[in-house]
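Data first, discussion second: the structure below is written as structure tokens.
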Amino acid sequence: MNPTSNHTHPRIAAALRGATDTRELLLGDGVIDETADVFRLLFGNRPATIVADANTFEAAGRRVCDLFARAGLDTCAPFVFEDPNLHACYEHVEKLREALTGNQAIPVAVGSGTVNDITKLAAHESGRWYMVVATAASMDGYTAYGASINREGSKQTFFCPAPLAVVADMEIIARAPAELNAAGYGDLVAKAPAGADWMLADALGVEPIIPEVWSLVQDPLRELAACPEGIRKGDRAAIRNLTEGLMMTGFAMQQAKSSRPASGAEHQFSHLWDMQDHHHHGRIPLHGHKVAIGALASTRLYEELLRRVGDELDIDAVCGNWPGLSEIEDRVDRTHPNGQLRRVAREEMRAKYVTPEALRVRLTRLKQIWPTLQERLRRQLFPADQLRQMLVAAGAPCEPTEIGIDLERLRRSHIEAQQIRRRYTVLDLATETGLLSVCLERLFATDGPWCKPAAPSASSRPTAADTRNTQAGNGKASQQQEHLGC
Ligand SMILES: [Zn+2]
């Protein structure tokens, strides 16, 4: 049997050939039925343990158990997390690892972001591979190297291999709660500003682009994100494209052994709010919902900078006032009251500190390359108004208050987020050009992008009636689809 032959696009087949960990990705309608075959192909007659939470066990876990039983595979009792608010924290990894110590079973994660990340790290710490059955297209971590886990109050990326196999059945993913696939859409369109950040870091000599990794994410991005309305409707083709885009991004991270291909300033907003233990209505907002707001924030900041850097950058003034390391540390202490966050920020800011002399070299280079670079950045980004409209169409948040972040906090988050990671992003460009304050002034002015009322077509959220009409394919929905290029 060759499980990949029937279901994969040439793009995925190429990504699999470059993958260091993942050997199989089944993506298509009904592919869940092949889960036991893939398991046997990769793990022989090793026993399996299905790992799920209560929801994902109902969505697909029970079915996988049945498939394994019918195929005569040996399975241990399923490991089902009962916590209705399960999130990716290290205690859960420890619990699963403990359960795995008594046997030689291969964990089969059935779920999305949280279940996958917990299983990925627990499997690695138990010295074994794992596979995953996806239940939603909610984030790009399925095929990614590394797991994002909260430990001792800080969101950390743990280095651990991607799964050996991923099964992404469109019939199951299309039935996932709409907010999960909308979150995945937020995580996918975030690759536009994340790519701009990498482009920037590359152009300034901070972190070179790896062309073949870049292509995996960026070449198909616009095509795969072209139908946000379809995500909200549960359209199978749109959700398949979304899933493929997220898987391609994961492969890029797997190949680069870094999240750089998928994550820039927009993710730093999300990580910041995680590290501040942000809750909304008693829940941690979904990763892709936070990233959607981060992507809009990052894009709007880019647009301000693209208007200003050419005329307003004053290298002598910036370098003359550039703070020393001890002053930077004082600023960090004033910015972050939370001790753990402060420690992280101090370390990251030390790691990326540039002297006034080094900054002068960097900014001089920036000025020289700016005419070309600004054009490339403009082409890389979705215009902010269009991005906002795409998020609305997909059912993802586009106002920070939708995830419990008020405007004052969002404004502050630009300063805080710049400090929590050494990765070079638009937040660093704004800080190092001395233009962050003036950009924030404009962005949060009463007639600025964050405060002015949105145009009615972009701001109206779909009502239940709209959704029903949309499902019936009425004129209004088709109009919007056309406009967005489905
Ligand atoms: Zn993400």
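The values are calculated or read from the model by the stated rules, or taken from the named source; none is laboratory data. All values reported here derive from a predicted model rather than from experimental measurement. Neighbour counts are summed over all protein chains in view; Cβ atoms, including those assigned to glycine, are modelled from backbone coordinates with ideal geometry. Only protein heavy atoms, including side chains, enter the accessible area calculation; ligands, DNA and RNA are left aside. Shrake-Rupley method; radii C 1.70, N 1.55, O 1.52, S 1.80 Å.
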Legend entry - Any chance T433 is out of contact with any strand residue (DSSP E or B) (no Cβ under 7 Å at 6 or more places or on another chain), surrounded by fewer than 17 Cβ atoms within 10 Å (Cβ to Cβ) and hydroxyl-bearing (S, T, Y): no
Legend entry - From L86, L67, L73, residue being in a helix (DSSP H, G or I) and in the same structural domain as Y130 (by TED's automatic domain parsing): L67
Legend entry - Cβ pairs under 9 Å, 6+ apart, first in the stretch 385-406 and of a type in the set (K, R), second open to solvent by less than 30 Å² (accessible area, probe 1.4 Å): R388/L296; R388/T299; R388/C398; R388/A458
Inset, instruction - Select from the stretch 114-140 the residues that are within 15 Å of the ligand (Cβ to nearest atom), open to solvent by 10 Å² or more (accessible area, probe 1.4 Å) and of a type in the set (A, V, I, L, M, F, W, C) and list them in ascending order. - result: M139
Legend entry - Verdict on H281 being under 25 Å from L301 (Cα atoms), touching a residue at least 12 places away in the same chain (Cβ under 8 Å) and outside the structural domain of Y142 (by TED's automatic domain parsing): no
Legend entry - A105 being touching a Pro at 6+ places or on another chain (Cβ under 7 Å) and more than 16 Å from the ligand (Cβ to nearest atom): yes
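Looking only at residues in the stretch 257-283 that are small (G, A, S) and modelled with pLDDT of 95 or more, which one is farthest from the ligand (Cβ to nearest atom)?
Of everything passing the filter in the stretch 257-283, A265 is farthest from the ligand (Cβ to nearest atom).
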Inset, instruction - Scan the helices (runs of 4 or more DSSP H) fully inside the stretch 353-467 and keep the ones with 3 or more residues being closer than 17 Å to K290 by Cβ and at pLDDT 95 or above. - result: 384-394, 407-419
Inset, instruction - For the stretch 153-199, enumerate the residues that are part of a helix (DSSP H, G or I) and open to solvent by 30 Å² or more (accessible area, probe 1.4 Å). - result: E171, A178, E179, L180
Legend entry - Scan of the stretch 30-64 for residues that are in contact with a Ser or Thr (Cβ under 9 Å, 6 or more places away or on another chain), assigned to a helix (DSSP H, G or I) and within 23 Å of A88 (Cβ to Cβ), ordered by number: N55, T56, A59, A60, G61, V64
Inset, instruction - Those residues that are buried (at least 16 other Cβ atoms within 10 Å of the Cβ), among the polar types (S, T, N, Q) and touching an Asp or Glu at 6+ places or on another chain (Cβ under 9 Å), I need them from the stretch 30-61; list them, please. - result: T35
Legend entry - Candidates A174, A201, A192, filtered to the one that is more than 16 Å from the ligand (Cβ to nearest atom), modelled with pLDDT of 95 or more and within 26 Å of R379 (Cα to Cα): A201
Inset, instruction - Among the candidates E399, E303, single out the residue that is touching a Ser or Thr at 6+ places or on another chain (Cβ under 9 Å) and open to solvent by 40 Å² or more (accessible area, probe 1.4 Å). - result: E399
Inset, instruction - Starting from the stretch 133-158, keep only residues that are within 18 Å of S270 (Cα to Cα) and not assigned by TED's automatic domain parsing to the domain that holds E266, then list their pairs with residues that are of a type in the set (D, E, K, R) and surrounded by fewer than 18 Cβ atoms within 10 Å (Cβ to Cβ) whose Cβ atoms are within a distance under 6 Å, requiring at least 6 positions of separation or different chains. - result: none
Legend entry - Those residues of the stretch 102-113 which are open to solvent by 10 Å² or more (accessible area, probe 1.4 Å) and part of a loop (DSSP other than H, G, I, E, B), in sequence order: G102, N103, Q104, S112
Inset, instruction - May I ask you to verify whether R222 is assigned to a loop (DSSP other than H, G, I, E, B) and open to solvent by 60 Å² or more (accessible area, probe 1.4 Å)? - result: no
Inset, instruction - Being touching a residue at least 12 places away in the same chain (Cβ under 8 Å) and surrounded by fewer than 22 Cβ atoms within 10 Å (Cβ to Cβ) is the filter here, so list the residues in the stretch 367-380 that pass it. - result: K367, I369, W370, P371, L373, Q374, R376, R378, Q380
